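Okay, so here's the structure we're looking at.
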Amino acid sequence: MDWVTCAYSVACTGIAGRPSGLCLAHLSPEQLPEALDQMSPGRLLDLRGTTITTDLLSRVLEATGGRPGRARLDRVRFTGDVRLSGVTFAGDVSLDDARFDRLASFFGARFEGNVSLAGARFARELSFHGVTVRGHVSLDRAVMARDALFSQAVFGHGLSGERARFDGFATFDGARLGDGAGFRGARFGRTLSFRKVSGHAGFEAAHFAADAYLSATGRLSAARARADGLLDVMVARCGVNLRGVEVAGATTLRLTDSQADLEGAVLRGPATVSGRGTSTVTSLRQVEAADLALRGLDLSSCRFAGLAHPAGVRVKDCTFALTTRGMRVSLRRPMLRWFSRRSALADEHGMDDGPAPGLTADRLAALYAGLRPSDRATSADFAFAAMEMRRRAGHRWWLSVWWLLSGSGLRLGRAAAWLTLLAALAAAAVLWAPMHR
């Protein structure tokens, strides 16, 4: 502690006032009114380490006219209900390591500066509902033992909750995050409702012990997070980072004109990723998902290498990359090849120059064979691509001949062309023979 403590007792951590040497809580009934008279609206309020009862808090707020200035309340212990409705703090407020034994309600309060609640402990409910903070709010390492309400709150310069612990129900519905919110390493013991929130949000390495409902209108990241229940994410016009996320329950990801990255995700329950507008998924590399549905997405740049269960992926109304159309001459067999345009995985691009790191033609063939697009055209293209990758992996001459004659049995037009050519040659031979007898 960086202040002179109360002379009443060695155990008392309250800041000593002058000239008594006692903290506000240990002043005599005759001394207290004089100390309160020294307080006025807009002035510094320094009660560090003091134990404050409900009655003492009411008298302090009355003395400051409900408008204290800079407030230094570090390590304060509030033994009764804290109700700050209608109070405006004209300066920064520091409540680091404060203790709230009962209800802590900031409902209706206004903060003109920054608010720090780092390391604070709330034994009962915490309400920040509808609170307006012009500066930044810190909840780093704070512990909320009961429900925590932050719905409709406005954080002008963002919110930080690094390694915070929310043991009860937590809601941020309708909050405006300003410069964004970060909950790196936080733990949510019960349901988290983070819906209709505007701004950026980060939940890197967070632990959701129950269901979690997340939304954002800016960047949203839950990379390396762990969800023991369901994870429901809904975003609009932003990027979503779910790399390495692990979900035990159902996963639902709804995108609107957004981009998502699920590389390395482990989705143990049923998972659905759906999109509206121009919504894309950039990576499904190393994803473990036995039941994954992809709907209405642009997958033209999505990487699938290392997808653990391709047979468990259902694809509907999605677009893929397209191969080039034309003829190619190379030193590899067959030397002359022609190509028709077809749907393809982004991983296939560049295979002619050598396999991508960690991806072989055999593995790409397994991907093509396992994926199940809903429309027939894409399904046929993937079946053809699977045969093409097996041909490249096998290096057997008869596979190349089969590809050349009939497109691995999936390009009947090619076989018809060969038959037409053979028929024309046979007819020409029949006509030519009598002419030279």
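The values are calculated or read from the model by the stated rules, or taken from the named source; none is laboratory data. Values in this document were obtained by computation on a predicted structure and should not be read as measured data. We place every Cβ from the backbone using ideal geometry, glycine too, and count neighbours over all the protein chains shown. Remember, those area values only see protein heavy atoms, side chains included, never the ligands or the DNA or RNA. Shrake-Rupley method; radii C 1.70, N 1.55, O 1.52, S 1.80 Å.
Observations on the structure shown:
- A 1.4 Å probe run over the range 253-313, with the rest of the protein chains in place, finds 38 Å² accessible per residue.
- A 1.4 Å probe run over the protein chains yields, for the range 1-75, 57 Å² of accessible area per residue, whole-number rounding.
- Annotation: amide H-H contacts under 5 Å for Thr272 (H modelled 1.01 Å from N, sequence separation of 5 or more, or interchain): Thr251, Thr252, Leu253, Ala293.
- Alpha-carbon centroids, the range 171-197 and the range 47-83: separation in whole Å: 28 Å
- Relative to the current alpha-carbon distance between Gln31 and Asp317, full extension at 0.36 nm per residue lengthens the span by 95.3 nm.
- Counted charge near Asp317, where neighbours are those whose Cβ lies closer than 12 Å (Asp, Glu -1; Lys, Arg +1): +2
- The H on the amide N of Arg224, modeled in the peptide plane, is under 5 Å from the matching H of Ala205, Arg243, Gly244, Val245, each at least 5 residues off or on a different chain.
- Phi angles across the range 42-53 convert, under the Karplus curve 6.51 cos²θ - 1.76 cosθ + 1.60 with θ = phi - 60°, into 3J(HN,Hα) values of x, 8, 4, 10, 10, 10, 3, x, 7, 8, 10, 8 Hz, Gly and Pro given as x.
- Spin-label model, Gln38/Arg376: points 7 Å from Cα along the beta carbon direction are separated by 8.9 nm.
- Overall, the accessible surface of the range 270-329 at a probe of 1.4 angstrom is composed of carbon and sulfur to the extent of 50 percent.
- Cα gyration tensor category, rounded, prolate or oblate, for the range 232-298 with a/c compared to 1.5: prolate
- Using a probe radius of 1.4 angstrom, the carbon and sulfur fraction of the accessible surface of the range 55-198 is 40%.
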